[in-house]
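Let me begin by presenting the structure, written as structure tokens, before commenting on it.
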Amino acid sequence: DQQSTKELNLTVLQRMDKHVEDILTTAGHVTFYEFSMDLNQWSRKDVEGSLFVVKRQGWILRMQPRFQFIVMNRRSTENLVEDLLSNFEYEVQVPYLLYRNAAQEVNGIWFYNPRECEEVAKLFSR
């Protein structure tokens with residue numbers, strides 16, 4: 001059932017980061033793209049898998065971001081983690097969510113399920 005799947009995923013995420021407290025939403029399958037300003041084009045990144053928007057503890061100390069999204073990467077052992085800070089810029093063009101990260105890179109997330117794209121975007125707007 002959904003609850004036991006969520007608990008299992010939470011356990012896996014907490015092994016990666018002990019500060020993960022809760023999974024706010026999940027997208028079953030996403031693929032990442034990066035935008036090259038120089039070439040003015042998109043290219044596929046080596047990141048694909050399930051996306052989790054998580055709430056973290058320890059943020060009270062202002063040492064850690066309170067929210068992040070994590071992609072459990074099926075294409076490599078390197079998972080993708082992005083901090084969701086107050087200045088996080090994004091734009092939704094379902095089934096894509098485009099964003100600029102702290103390193104000023106422009107990335108696109110393609111969602112297999114357009115409804116999950118909308119749910120993630122709704123969370124980002126909070």
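Assorted remarks:
- Checked against the criteria, E116 counts as surrounded by 16 or more Cβ atoms within 10 Å (Cβ to Cβ), among the charged types (D, E, K, R) and part of a helix (DSSP H, G or I).
- Residues of region 75-109 classified as exposed (fewer than 12 other Cβ atoms within 10 Å of the Cβ) and under 12 Å from F32 (Cα atoms), total: 0
- Selection status of R126, surrounded by 17 or more Cβ atoms within 10 Å (Cβ to Cβ), basic (K, R), over 13 Å from the mean Cα position of the chain (by Cα) and over 20 Å from T5 (Cβ atoms): no
To keep it simple, each residue is scored yes or no on (1) part of a helix (DSSP H, G or I); (2) at pLDDT 95 or above; (3) under 17 Å from the mean Cα position of the chain (by Cα).
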| residue | (1), (2), (3) |
| --- | --- |
| Q3 | yes, no, no |
| L8 | yes, yes, no |
| K18 | no, no, no |
| T25 | no, yes, yes |
| V47 | no, yes, yes |
| V53 | no, yes, yes |
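The values are calculated or read from the model by the stated rules, or taken from the named source; none is laboratory data. Everything quoted here is computed from the prediction, not taken from an experiment. Glycine gets a Cβ as well: all are built from the backbone with ideal geometry, and neighbour counts include every protein chain shown.
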